[in-house]
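Asks: Mind looking over this structure? Questions follow.
The values are calculated or read from the model by the stated rules, or taken from the named source; none is laboratory data. Treat the numbers as computed from the prediction; the structure is a model and nothing was measured. So basically every Cβ, Gly included, is an ideal-geometry build from the backbone, and we count neighbours across all protein chains shown.
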Amino acid sequence: MLSSSSSCEGDDGLIPVAVKVLHPAIERTLRQDLSIMKGVARMVTWMFPSLHWLSLSDCVDDFAQTMKAQVDFHVEAGNLERFTHNFESNDAVVFPRPLWALTRPYLLVETFEEGRPMQDYVSGRRRDPRLAELGINTIFKMERARSGAVQKRGWLSGLRVRPRLPQAPERRLVVLDCGIVTRLDARGEKALKAVFSAVANNDGDRVAELFLEHSNHQCDDPAGFKQEMRELVTAALSKNVTLQSVQVAGLLSSLFQTITKHKVKLDGSFSSIILAMMVLEGLGRSLDPTIDVVDKAKPFLLSAM
């Protein structure tokens with residue numbers, strides 16, 4: 001995708017806008033890529049029948065639906081509007097507003113937001129621990145309504161830090177790209193809260209039970225699965241879960257290895273959230289490695305329980 005920005009000048013109510021234009025060849029390329037992925041999924045399943053439980057073709061179909069939404073800017077405009085509504089009471093987090101009258105499936109026109117790229121704050125003298133807390137709180141609030149936004153050009157490229165304005169928070173986070181968004185239904189949200197609450201309470205057995213209850217699986221050793229999950233959770237909570245003391249990406253990688261070993265297939269929304277947390281680790285570690293992730297998560301986990 002190509003993106004550019006332009007501004008309308010004058011005192012007649014015109015506002016600066018950013019314009020995103022869909023590359024004319026992107027849809028054809030996407031169809032080709034998805035066709036290749038589908039073929040590879042079928043071939044791998046044929047070559048390794050033991051992987052049939054993963055339903056790789058179904059995973060590709062689910063991924064295809066998500067990616068097809070990415071090439072329709074009406075979808076992204078709707079996501080921006082939804083997040084603007086969800087964060088309307090939080091002045092520290094800003095989303096561009098879509099201009100619906102000018103937006104088309106191949107063209108997105110939105111308000112232009114000034115700010116510095118997040119890269120400027122993850123190293124050097126601009127390093128600001130306050131942004132770590134703001135970013136993590138933003139992610140956890142988002143997780144209550146969806147399973148994660150993945151940036152087409154990378155995590156940091158979709159974030160800006162807005163300068164301080166009169167009567168505004170000292171730091172404001174601008175989230176620019178909401179092209180890929182998945183949502184949890186009420187049942188999925190309840191299950192997600194239960195999983196994270198069980199982790200916070202150091203209850204690995206309950207975590208395993210929830211994974212088995214809310215997933216398709218062919219686990220023939222539930223007791224062994226519970227034992228490994230109990231060890232995983234205990235090891236993670238042996239000390240404060242700070243980004244300095246715990247490699248979150250490594251911890252989640254171990255989680256994926258455990259569920260794969262026991263043939264537990266997580267719901268796609270759960271997987272998206274776990275991957276979002278892995279991305280979050282890199283940003284948070286750069287801004288403030290001492291922040292306690294579980295402590296910050298508790299208010300969001302315990303609300304609306």
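For (1) within 19 Å of residue 251 (Cα to Cα); (2) touching a residue at least 40 places away in the same chain (Cβ under 8 Å), each residue gets a yes or a no:
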| residue | (1), (2) |
| --- | --- |
| 179 | no, yes |
| 182 | no, yes |
| 186 | no, no |
| 198 | yes, no |
| 202 | yes, no |
| 205 | yes, no |
| 208 | yes, no |
| 213 | no, no |
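Asks: Right, here's the next one. Return the residue satisfying two criteria in turn: it lies in the stretch 155-197 and is under 29 Å from residue 286 (Cβ atoms) and part of a helix (DSSP H, G or I), and of such residues it is modelled with the lowest pLDDT.
Replies: Result: 156.
Asks: Filter the stretch 78-92 down to the residues that are among the charged types (D, E, K, R) and under 15 Å from residue 141 (Cα atoms), then identify the one that is surrounded by the fewest Cβ atoms within 10 Å (Cβ to Cβ). Don't jump to the end; show me each part of the working.
Replies: Step one: filter the stretch 78-92 for residues among the charged types (D, E, K, R), giving 81-82, 88, 91.
Keeping just the survivors that are under 15 Å from residue 141 (Cα atoms) gives 82, 88, 91.
Working: 82: 16, 88: 10, 91: 12.
Only one residue tops the list, namely 88.
Asks: Determine whether residue 41 is touching a residue at least 24 places away in the same chain (Cβ under 8 Å) and small (Gly, Ala, Ser).
Replies: No; evaluated as a whole, the condition is false for this residue.
Asks: Give the residue that is nearest to residue 76 (Cα to Cα), with candidates limited to residues of the stretch 12-30 that are outside any loop (DSSP other than H, G, I, E, B) and within 24 Å of the chain's Cα centre (by Cα).
Replies: Checking each candidate, the answer is 20.
Asks: Same structure again: Only one of these conditions is not met by residue 75: (1) in contact (Cβ under 8 Å) with a residue 60 or more places away in the chain; (2) crowded, with 16+ Cβ neighbours inside 10 Å; (3) out of contact with any helix residue (DSSP H, G or I) (no Cβ under 7 Å at 6 or more places or on another chain). Which number is it?
Replies: (3)
Asks: Given the criteria in a helix (DSSP H, G or I) and without any contact (Cβ under 8 Å) to a residue 60 or more places away in the chain, does residue 69 qualify?
Replies: So residue 69 does not fit the description; no.
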